[in-house]
Amino acid sequence: MSIGNSPEDERPFENEHVEADHEEARPSIGRALQQARIAAGLTVDDVSSATRVRMNIVHAIEADDFSPCGGDVYARGHIRTLAKAVHLDPEPLLAQYGDEHGGRPAPTPAAPLFEAERIRPERRGPNWTAAMVAAIVVVIGFVGFTMLQGGDDSGNGANVAEGSTPSDSASPTTKTKKPAEPAPEPSDSAIAAAPQDKVTVRVAATDGRSWIAAKDHNGRMIFDGVLKQGDTKTFQDSSKVQLVLGDAGAIDLFVNGKKIEEDFQPGSVERLTYTKGDPEAG
């Protein structure tokens, strides 16, 4: 009879050490979200305002406490939303959550309730696409009407040859109505011609992608999302537009028709407010 542990008895302890080392190598979901938020230069208030997820829930998730979420479906939705706001791929975090909380839940009709927590941005500016379609329809209709009237003028031409004088109403050439031209796309000149009683802000991602958020003078969110390189957004309000730029160095700003000559650094977070008249950053 031997005294002490056999090699077989020690194997479970070795496996426990391997598993513990693996867990230490991979940060928790909340820790990963917190580190990404800090690296992006965002506060909990910034993330809460951009995602419409309440601050107490953001704090709880960063502490790996998912009980305030109200269930797995809501917890997964919050993880996905927060990960996108801090520029993380949500899929590895969702897989990690499934490993730690029993896998992916069955489909449930509760998902629309989570979407209801997000406030849809208000409609911004004129619908240029609809205006262009309407203008093209008017042009086509006018051309068709003119061609139809031209076919009826053959009889009037014979009367002129016989010495009769056609009436002014018989000739469509006397009409001075011009076809409506398609509405142009918004441009820098259009922004410069914006009404002086409003503030107009154009954001262009010229040097890379950047997350931005925009609010009107009442503090209501009118846009939050990521602009890819080459994308532009234009915001207009009666008195004030508030901006948060996640990577200000990638952005060109045009306020009330004038370019803002600011030396924003790549990766810097800027909070800006612009009002009517000449560009004024608040």
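The values are calculated or read from the model by the stated rules, or taken from the named source; none is laboratory data. Keep in mind the model is a prediction, meaning the values are calculated, not measured. Glycine gets a Cβ as well: all are built from the backbone with ideal geometry, and neighbour counts include every protein chain shown. Surface accessibility is based on the protein's heavy atoms, side chains included, excluding ligands, DNA and RNA. Shrake-Rupley method; radii C 1.70, N 1.55, O 1.52, S 1.80 Å.
Looking across region 228-250, the residues that are of a type in the set (Lys, Arg) and surrounded by 16 or more Cβ atoms within 10 Å (Cβ to Cβ) come down to 233, 240. Residues in region 216-273 that are small (Gly, Ala, Ser) and part of a strand (DSSP E or B): 225 only. Among residues belonging to region 251-282 that are at pLDDT 85 or above and under 13 Å from residue 209 (Cβ atoms), point out the one that is least open to solvent (accessible area, probe 1.4 Å). So, considering only residues that are at pLDDT 85 or above and under 13 Å from residue 209 (Cβ atoms), the one least open to solvent (accessible area, probe 1.4 Å) is 251.
The set of residues from region 192-215 being open to solvent by less than 40 Å² (accessible area, probe 1.4 Å), at pLDDT 85 or above and either touching a Cys at 6+ places or on another chain (Cβ under 6 Å) or assigned to a loop (DSSP other than H, G, I, E, B) (or both) comprises just one member, 208.
The one condition from (1) open to solvent by 30 Å² or more (accessible area, probe 1.4 Å); (2) modelled with pLDDT of 55 or more; (3) more than 21 Å from residue 50 (Cα to Cα) that residue 63 does not meet is (3). Note on region 221-230: residues that are over 10 Å from the mean Cα position of the chain (by Cα) and modelled with pLDDT of 90 or more amount to 2. With respect to residue 91, is the statement that it is among the acidic types (Asp, Glu) and either surrounded by 12 or more Cβ atoms within 10 Å (Cβ to Cβ) or at pLDDT below 85 (or both) true? No.
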